[in-house]
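Heads up, the thing below is written out as structure tokens.
The values are calculated or read from the model by the stated rules, or taken from the named source; none is laboratory data. What you see is a predicted model, and the numbers here were worked out from it, not measured in a lab. Here the Cβ is made from the backbone with ideal geometry for all residues, glycine too, and neighbour counts use every protein chain on show.
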Amino acid sequence: MEIFKTIDDIKTRLSQLTGEGKTVGFVPTMGALHKGHLSLLETAKKETDISVVSIFVNPTQFNDKDDFIKYPRNDERDLLLLSQHFCDIVFLPSENEMYPEPDERVFDLGNLENIMEGKFRPGHFQGVAKVVSKFFDIVKPHKAFFGQKDFQQLAIIKRLVDVSGLRIEIVGCPIIREENGLAMSSRNQRLTPGEFSDASIIYGTIKQLPVKLKSTSLSEAKAWAEKTINSCPGIVTEYIETVDNESLAVIDNLTNTHSFTCCVAVFCGKVRLIDNIQIFL
Ligand code: AMP
């Protein structure tokens with residue numbers, strides 16, 4: 001496994017490899033790696049010749065300074081995990097390497113940045129777009145791999161590729177869960193054992209929606225889900241939203257709808273968690 005810390009060095013190495021006709025698969029991460037991240041690496045290894053994983057806690061996508069400070073970081077453990085999983089190249093840039101000066105670009109993300117995560121985390125997706133567009137420019141991947149756990153982010157990245165005219169295939173990968181159903185997340189490390197166990201109510205509830213919808217309306221089912229999740233002391237729902245699988249347009253009735261995605265954000269104590277499920281009727 002090769003590790004690069006500067007843009008010049010990784011660019012030189014990658015242009016050598018692509019010059020030999022190798023395809024590049026890219027997995028951007030913020031580190032504190034878990035099996036969700038490793039599943040993206042596995043898919044990248046299957047679908048491309050050279051796997052590149054970046055580890056960078058991107059300051060521009062945090063609307064909450066405290067969340068940025070408390071975000072778990074463990075480069076040594078991450079590098080060990082990546083080498084054990086046969087990653088080819090790791091890119092581990094410093095903040096100064098990525099942002100030698102402020103990135104003032106504004107991306108056209110359409111209505112995608114005004115709903116759900118965009119609404120509750122102002123500026124978050126502009127920050128995501130800034131860093132991913134920089135990474136795409138440096139790594140020039142043939143394919144890039146993103147988790148469906150961050151369902152709205154996946155849609156944002158597809159739009160970024162579209163509006164920037166990039167020829168990168170964006171591959172969405174399934175959500176990897178803990179045994180109790182909780183979607184794996186680096187932020188789960190910040191949960192107490194009690195909170196970790198309580199947080200199973202999130203997926204435990206939304207996965208019951210298809211059955212619930214056989215006997216109630218969408219708005220009643222959403223109200224039921226919110227009440228059920230909030231019935232757990234210490235857990236507070238920030239939003240629960242039902243949207244089109246592709247456009248993410250909000251769906252408020254199910255006429256002519258066969259499938260949609262239910263997205264949820266909750267605070268579990270001080271830790272903010274998101275999850276989603278695609279529902280087939
Ligand atoms: P992060 O380090 O949280 O920025 O995540 C890096 C990538 O891993 C993103 O594409 C995430 O969607 C993906 N990811 C995070 N958690 C999971 C999970 N539980 N299952 C699948 N992919 C995930």
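Data table
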quantity: Candidate set: segment 1-15, residues that are among the basic types (K, R) and in a helix (DSSP H, G or I); chosen: the one surrounded by the fewest Cβ atoms within 10 Å (Cβ to Cβ); calculated: K11
quantity: Members of segment 227-238 that are assigned to a helix (DSSP H, G or I) and buried (at least 17 other Cβ atoms within 10 Å of the Cβ); calculated: T228, I229
quantity: Index of the failed condition, T43 passing every other in (1) within 16 Å of the ligand (Cβ to nearest atom); (2) surrounded by fewer than 17 Cβ atoms within 10 Å (Cβ to Cβ); (3) hydroxyl-bearing (S, T, Y); calculated: (2)
quantity: Selection count where residues are of a type outside the set (D, E), near the ligand (Cβ under 10 Å from one of its atoms) and either in contact with a Gly (Cβ under 8 Å, 6 or more places away or on another chain) or closer than 30 Å to D9 by Cβ (or both), scope segment 133-151; calculated: 6
quantity: Single residue of I175, I206, I240, I235 found to be within 14 Å of the ligand (Cβ to nearest atom) and modelled with pLDDT of 95 or more; calculated: I175
quantity: Residue in segment 237-245 that is of a type in the set (S, T, N, Q), touching a Phe, Trp or Tyr at 6+ places or on another chain (Cβ under 9 Å) and without any contact (Cβ under 8 Å) to a residue 12 or more places away in the chain present; calculated: no
quantity: Flag if I89 is aliphatic (A, V, I, L, M) and either under 16 Å from L41 (Cα atoms) or buried (at least 18 other Cβ atoms within 10 Å of the Cβ) (or both); calculated: yes
quantity: Residue count for segment 199-209, restricted to those that are part of a loop (DSSP other than H, G, I, E, B) and touching a Gly at 6+ places or on another chain (Cβ under 8 Å); calculated: 1
quantity: Output for segment 249-265, where each listed residue is assigned to a strand (DSSP E or B) and surrounded by 13 or more Cβ atoms within 10 Å (Cβ to Cβ); calculated: V250, F260, T261, C262, C263, V264, A265
quantity: Residue within segment 16-38 that is assigned to a loop (DSSP other than H, G, I, E, B), away from the ligand (no atom under 16 Å from the Cβ), free of Cβ contacts under 8 Å to residues at least 24 places away in the same chain and exposed (fewer than 14 other Cβ atoms within 10 Å of the Cβ) present; calculated: yes
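For (1) assigned to a helix (DSSP H, G or I); (2) within 16 Å of the ligand (Cβ to nearest atom); (3) in contact with a Phe, Trp or Tyr (Cβ under 7 Å, 6 or more places away or on another chain), each residue gets a yes or a no:
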site: G181; (1), (2), (3): no, yes, yes
site: N188; (1), (2), (3): yes, yes, yes
site: G194; (1), (2), (3): yes, no, no
site: S197; (1), (2), (3): yes, no, no
site: V211; (1), (2), (3): yes, no, no
